[in-house]
Structures are given as structure tokens and as C-alpha cells.
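Since the structure comes first, as C-alpha cells, the remarks are kept for the end.
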């Protein structure tokens with residue numbers, strides 16, 4: 001997913017580092033139960049060091065300054081606050097790579113991701129004819145309802161409100177709601193956010209208004225994810 005505000009935020013972070021002469025930053029990083037190469041996760045406070053070349057997406061230790069950007073590269077549901085330092089290089093406005101990284105704090109973000117995906121879907125569910133059980137799941141987060149809601153959503157997909165006008169916003173909202181019902185919590189969160197923003201943008205036809213709506217929706221979505229992450233780490 002590409003966000004309009006990512007590059008601006010990354011540029012601000014890079015300028016701050018350059019101005020202070022720093023070569024370290026606080027950031028976020030998702031993992032599964034092990035690192036991508038199969039190595040065990042380092043203990044909290046233990047520096048992980050990369051000895052080779054620093055090449056974004058190829059070699060080095062990665063992290064993102066915003067947790068939502070980290071989500072885009074998440075191989076699993078464990079979210080870490082990390083410190084990244086050494087030969088820092090920014091890549092595509094949404095992640096950095098460095099030579100050393102240590103975990104400051106970790107959480108299992110499964111429930112956080114579920115809550116975020118439901119929040120995204122609830123922002124646009126009014127644009128789609130969602131079955132009552134789907135709305136109930138989105139509003140309550142009752143996980144026993146999720147498989148039932150998923151079956152109801154797929155059964156309804158493309159057939160609800162036969163006489164209704166189905167525009168791009170309707171279909172994008174439908175996608176956002178169905179995204180929130182996915183089994184994989186990381187996929188559900190990222191996809192629901194993307195489709196919810198798209199649905200909001202599609203509610204207006206004017207290009208300039210659509211661009212403005214997209215920017216506002218992206219900022220709100222990223223802000224909500226950051227708030228949920230801050231709350232989880234503060235608990």
C-alpha cells in the first residue's frame with residue numbers, strides 16, 4: 001500500500017537525523033516467532049549486528065519509523081519497538097535499513113491488528129449492505145462470530161440489495177469489510193485499511209476532492225493505528 005504522507009514523514013525524519021548528526025533512530029519492526037532467516041529473536045536489549053553490505057531489501061537490518069509502514073512488511077504478528085543505528089539508509093519513504101538493531105519492547109499484536117481491521121471496516125460499512133452478523137462482529141469483536149460473519153459476507157458478496165446502485169465506493173466498502181474477516185491478522189489489517197481509504201475516496205467524483213479525501217483518510221487511518229500501538233506498548 002502507498003500512502004501520500006509517507007514520503008513527507010520520512011523526509012522529516014531524515015532531516016532531523018542529519019541536523020543532529022545522529023545515526024540512530026527509534027522505530028518499529030514486525031516478526032514472526034523467529035527472524036526471516038530462521039534465527040531466533042534476540043533478547044530485549046541485545047544488539048543484532050549485520051557485518052555485510054547495507055542494501056535496502058537485500059541485506060542489513062530493517063525497521064520503519066511508523067508502525068503502519070512496518071505492517072506492510074510484516075511476516076508475523078509480533079511487533080517490536082526497536083532502536084536502529086549504523087549506516088542508516090532510507091528506502092521508498094516507508095522503511096530504513098541499518099547495521100545494528102535491538103528490541104526495546106515487544107508485543108503480540110494479534111488482537112491489536114484485529115481491532116484495527118474492524119475499525120477500518122466500520123468507517124465504511126454504511127456504504128455496503130452488510131449482513132447483521134457482520135456488523136455485530138465488527139462492533140463487538142466477538143471472535144466466535146468471525147467465521148460466521150465471514151460465511152455471511154461471502155454469501156452476500158455481489159448479491160445484496162439487488163435494486164441498489166453499486167458504485168466503486170460500494171464495492172470498495174464491501175472489500176474492506178471482507179478484508180477485516182480474514183484469518184491472517186496482518187493481512188486483514190493492511191487490506192482493510194487500504195480498501196477503506198479507497199472506499200472513502202470513491203464517495204466523491206471530483207479528482208481534487210477525491211485526492212483530498214484520500215489524504216485525510218490515510219492520515220486518520222495511520223493515526224488510529226499509531227494510537228492503538230501506543231496504547232498497547234504503554235499497557
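Do we have any residue at all in the stretch 196-216 that's in contact (Cβ under 8 Å) with a residue 40 or more places away in the chain, surrounded by fewer than 22 Cβ atoms within 10 Å (Cβ to Cβ) and in contact with a helix residue (DSSP H, G or I) (Cβ under 6 Å, 6 or more places away or on another chain)? Yes, some residue in the stretch 196-216 is in contact (Cβ under 8 Å) with a residue 40 or more places away in the chain, surrounded by fewer than 22 Cβ atoms within 10 Å (Cβ to Cβ) and in contact with a helix residue (DSSP H, G or I) (Cβ under 6 Å, 6 or more places away or on another chain).
Any residue at all in the stretch 144-164 that is surrounded by fewer than 17 Cβ atoms within 10 Å (Cβ to Cβ), farther than 20 Å from residue 110 by Cβ and at pLDDT 95 or above? Reasoning before the result, please.
In the first step, residues of the stretch 144-164 are kept if they are surrounded by fewer than 17 Cβ atoms within 10 Å (Cβ to Cβ); the result is 144, 147-148, 151, 154-155, 157-164.
Still in the list and also farther than 20 Å from residue 110 by Cβ: 151, 154-155, 157-164.
From what's left, at pLDDT 95 or above: none.
No, the stretch 144-164 has no match at all.
Among the residues of the stretch 88-97, just one is touching a residue at least 60 places away in the same chain (Cβ under 8 Å), over 21 Å from residue 230 (Cβ atoms) and part of a strand (DSSP E or B), namely 90. Within the stretch 76-91, the residues that satisfy the criterion of being under 26 Å from residue 184 (Cβ atoms) and touching a helix residue (DSSP H, G or I) at 6+ places or on another chain (Cβ under 8 Å) are 76, 77, 79, 81. Checking each residue in the stretch 48-87 for being in contact (Cβ under 8 Å) with a residue 40 or more places away in the chain, closer than 18 Å to residue 32 by Cα and part of a strand (DSSP E or B) picks out 48, 61, 78, 79, 80, 81, 82. When 188, 173 are screened for being assigned to a helix (DSSP H, G or I), farther than 30 Å from residue 233 by Cα, touching a residue at least 24 places away in the same chain (Cβ under 8 Å) and not assigned by TED's automatic domain parsing to the domain that holds residue 79, only 173 passes.
In the stretch 99-143, how many are outside any helix (DSSP H, G or I), surrounded by fewer than 22 Cβ atoms within 10 Å (Cβ to Cβ) and touching a residue at least 40 places away in the same chain (Cβ under 8 Å)?
Taking the stretch 99-143 as the starting set, the residues that turn out to be outside any helix (DSSP H, G or I) are 99-109, 128-131, 141-142.
From the residues that got through so far, the ones that are surrounded by fewer than 22 Cβ atoms within 10 Å (Cβ to Cβ) too are 99-100, 102-108, 129, 131, 141-142.
Then keep just the ones that are touching a residue at least 40 places away in the same chain (Cβ under 8 Å); that gives 99-100, 102-107.
Within the stretch 99-143, residues that are outside any helix (DSSP H, G or I), surrounded by fewer than 22 Cβ atoms within 10 Å (Cβ to Cβ) and touching a residue at least 40 places away in the same chain (Cβ under 8 Å) number 8.
Consider residue 22 carefully, then state whether it is assigned to a loop (DSSP other than H, G, I, E, B), surrounded by fewer than 17 Cβ atoms within 10 Å (Cβ to Cβ) and either modelled with pLDDT under 90 or in contact with a strand residue (DSSP E or B) (Cβ under 7 Å, 6 or more places away or on another chain) (or both). Criteria met by residue 22.
The values are calculated or read from the model by the stated rules, or taken from the named source; none is laboratory data. Computed from a predicted model, the values in this text were never measured in an experiment. Quick reminder, even Gly has a Cβ in these numbers, built from the backbone with ideal geometry, and neighbours come from all protein chains shown.
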